[in-house]
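In what follows, a structure is listed as structure tokens, so that the remarks can point back to it.
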Amino acid sequence: MAIWYKPPKGVKITADIVFIHGLTGGRDSTWTAEGAKEPWPKLFLKDENDDEDDEDEKGSGYPLKTARIMSWGYDADIVKLVKPAGQNRVMDHARNLLGALEDVREGSAASRPLIFVAHSLGGLVVKAALLRAVSSPEPGFKKVFECTQGIAFLGTPHYGSDKADFAHLLLNWVSLFRPTDKDIVGVLERESEVNTNIRDEFFEMLRATKLAHKEPSILVCFYEEKPMSVAGKTFFVVTKDSAKLGGYKQRGISGDHSSMTKFASKNDAGYKSVAAAIKRWMPTKAIAVKPSAGMAAEAAEKRKANATHGGVVQKGASVGGSISTGGGSVSMNTTNNMRS
């Protein structure tokens with residue numbers, strides 16, 4: 001787990017934001033624009049809402065510069081010519097992700113709000129990780145599920161991908177020279193049993209969470225708006241229909257499957273859309289509503305009227321009290337039993 005940004009000493013860390021690349025991607029390269037020296041989350045995400053950094057402004061989200069920004073990498077490159085591709089499968093990657101998060105979120109950090117930004121296959125790994133975490137007997141794993149505030153899926157093939165067909169052509173050639181990870185590519189196929197099971201169980205978990213919190217914005221699905229051209233062929237790696245999850249927000253990004261994760265500046269429309277989602281998931285500051293004198297008197301009269309009937313105070317009723325509300329972020333937490 002690479003830490004791209006950590007708030008200065010003395011500044012409370014309010015959330016962890018984790019970026020996860022996809023098939024043939026890299027921990028840094030997936031998020032680095034052409035000509036840029038570093039990934040965009042490391043370059044300017046932390047400065048996104050500097051104009052909102054007044055911590056006395058209750059009810060607003062904490063600024064992104066109070067979040068720790070990280071990137072997790074795994075071996076999902078099927079066309080490397082230097083060394084054989086990793087033989088880990090999606091569920092193995094999911095467990096490795098949970099282990100990495102547990103290691104970097106020790107102590108009080110284990111209860112810190114968690115936000116995921118995942119590209120392509122990385123989105124399937126996140127879904128598999130949360131499915132494993134929700135019913136895990138390991139406290140550190142379960143905390144990952146309980147603390148998840150939001151997920152941005154970028155070009156994730158929830159219903160499979162045409163990329164699998166093209167990737168299999170590469171695999172057939174590369175496998176003549178070295179071992180290749182055919183199972184990883186197989187997961188991306190439209191009728192893949194593994195992908196179908198992950199999607200269906202994830203939907204089941206989302207439905208329970210949505211009903212519990214009445215909060216459909218726990219995730220946003222971003223889809224590519226431009227086709228990719230490879231070896232004389234032009235195609236959408238992940239179609240819009242495959243990248244969507246019914247009932248949840250969807251946004252288009254003006255780029256192909258590769259460029260949709262590489263923002264050159266804060267003015268990029270795709271960046272603004274992704275950053276807006278992340279900001280919404282940042283923990284909010286407490287709100288204290290202090291009623292006016294008129295409101296307080298009216299509320300007191302209503303409480304008194306509700307608490308009495310024929311001049312008798314009802315058992316358990318309270319005449320006094322105060323008005324206050326508390327603000328907080330939605331957590332993907334549920335007591336429902338889930339399959340893992």
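Values in this text are rule-based calculations from the coordinates and carry no lab data. Predicted model only: the values in this text are computed from it and were never measured. When we count neighbours, we look across all protein chains shown, and the Cβ atoms used for this are built from the backbone with ideal geometry, even at glycine.
Details
- Mean-position separation - Cα centroids, the range 108-139 and the range 9-23, in angstrom: 13
- Were the residues from Glu204 through Lys37 laid out at 0.36 nm apart, the gain over their Cα-Cα distance would be 56.0 nm.
- Gain on full extension, evaluated as 0.36 nm per residue between Lys6 and Asn96 minus their Cα-Cα distance, stands at 30.2 nm.
- Cross-linked pairs Lys143/Lys262; Lys142/Lys244; Lys6/Lys262; Lys9/Lys244; Lys143/Lys266; Lys42/Lys127: Cα-Cα separations exceed 28 Å for Lys143/Lys262; Lys9/Lys244; Lys143/Lys266.
- Inter-probe distance in nm under a simple model that places probes 7 Å from Cα toward Cβ, at Asp241 and Ala276: 2.7
- Peptides 43-49, 224-230 ordered by average Cβ neighbours within 10 Å, highest first: 43-49, 224-230
- Where labels lie 7 Å past Cα in the beta-carbon direction, separation of Lys266 and Ser29 in nm: 2.9
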